[in-house]
Amino acid sequence: MTQPLQKTAPDDDPALIVAIGDIHGRLDLMKDLLEKIDKKLKGASARYVFLGDYVDRGPDSKAVIDYLLTFKAHYPETVFLKGNHEEAMLDFLAVGEEADGWLYWGGEQTLESYGVDLGLISNLTALQEAFADALPPEHFEFLMDLRLRYETGQYIFVHAGLNPDETLDDQQAKDMLWIRDAFFDGGEGKFPDRIVVHGHTPVKRPENKGWRINVDTGAVWSSKLTAVLIDGKQKPKFIST
């Protein structure tokens with residue numbers, strides 16, 4: 001595993017933040033992006049924030065989580081947020097047939113990466129049990145420990161966005177994981193002096209709208225995985241594979 005050389009900032013208000021968009025099982029792109037970031041930072045300290053959706057659709061979901069666990073061991077201040085795909089994956093593990101929609105959102109590729117026999121799809125209970133057996137305990141712990149949002153300075157990092165009809169203190173998990181149009185259409189000006197950094201909604205090019213920044217460039221389809229570098233002094237900079 002290639003590890004970035006810079007140290008993680010130890011304080012709660014890091015001088016430099018690197019936020020990385022939706023990976024969706026593309027281990028190759030994640031490695032490439034981290035190498036590009038390392039070259040860009042030239043040894044500067046940074047805190048990494050991963051915005052969720054590590055799994056599904058791409059071929060290497062298990063390997064992505066393995067990599068992130070090693071990354072976390074080297075850089076314990078890294079922030080890992082939950083995406084709607086991790087939520088759907090955990091729902092399937094918990095209630096199986098009641099959450100089988102996950103299979104059609106990319107869950108089948110995730111199961112394959114864990115070596116689960118997709119021939120069991122006709123028996124969802126057996127499939128759920130096979131997946132539970134195949135999922136390493138450290139992966140389950142990683143998924144359960146994922147955060148819904150992270151705040152530092154004027155920035156709020158979240159997977160999907162925020163509900164403009166609720167205060168920051170009253171945000172619900174379903175909105176932070178799933179929201180789209182209501183946030184895009186009604187969020188501007190609702191959280192004064194804050195900038196929301198998110199993924200979840202794929203765009204051809206990363207967006208900086210002033211009040212929100214979107215770094216989901218649809219990596220699984222476009223082969224373009226994107227991060228944003230934020231230092232609080234200059235305009236945020238995008239870097240992509």
Sole residue being among the aliphatic types (A, V, I, L, M), surrounded by 13 or more Cβ atoms within 10 Å (Cβ to Cβ) and out of contact with any Gly (no Cβ under 6 Å at 6 or more places or on another chain), chosen from Leu124, Leu120, Leu81: Leu120
Take the residues of region 22-73 that are of a type in the set (Gly, Ala, Ser) and in a loop (DSSP other than H, G, I, E, B): which is nearest to Leu177 (Cα to Cα)? Gly52
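Across region 210-241, what is the number of residues that are not in a strand (DSSP E or B) and not β-branched (Val, Ile, Thr)?
If we filter region 210-241 for residues that are not in a strand (DSSP E or B), which is where we start, we get 210-211, 215-225, 231-236, 241.
Now narrow it down to the ones that are not β-branched (Val, Ile, Thr): 210-211, 216, 218-219, 221-225, 231-236.
Number satisfying all stated conditions: 16.
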State whether the residues of region 112-125 include one that is without any contact (Cβ under 8 Å) to a residue 60 or more places away in the chain, aromatic (Phe, Trp, Tyr) and closer than 20 Å to Arg26 by Cα. yes
Taking region 129-184 as the search range and keeping residues that are small (Gly, Ala, Ser) and in a helix (DSSP H, G or I), which one is surrounded by the fewest Cβ atoms within 10 Å (Cβ to Cβ)? Ala173
Could you tell me whether region 202-209 includes any residue that is within 24 Å of Leu69 (Cα to Cα) and not in a helix (DSSP H, G or I)? no
Among the residues in region 30-43, are any buried (at least 22 other Cβ atoms within 10 Å of the Cβ), among the basic types (Lys, Arg) and modelled with pLDDT of 95 or more? no
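The values are calculated or read from the model by the stated rules, or taken from the named source; none is laboratory data. It should be emphasised that the depicted structure is a prediction, and the values quoted were computed from it without experimental measurement. FYI the Cβ positions are ideal-geometry reconstructions off the backbone, even for glycines, and counts take in every protein chain you see.
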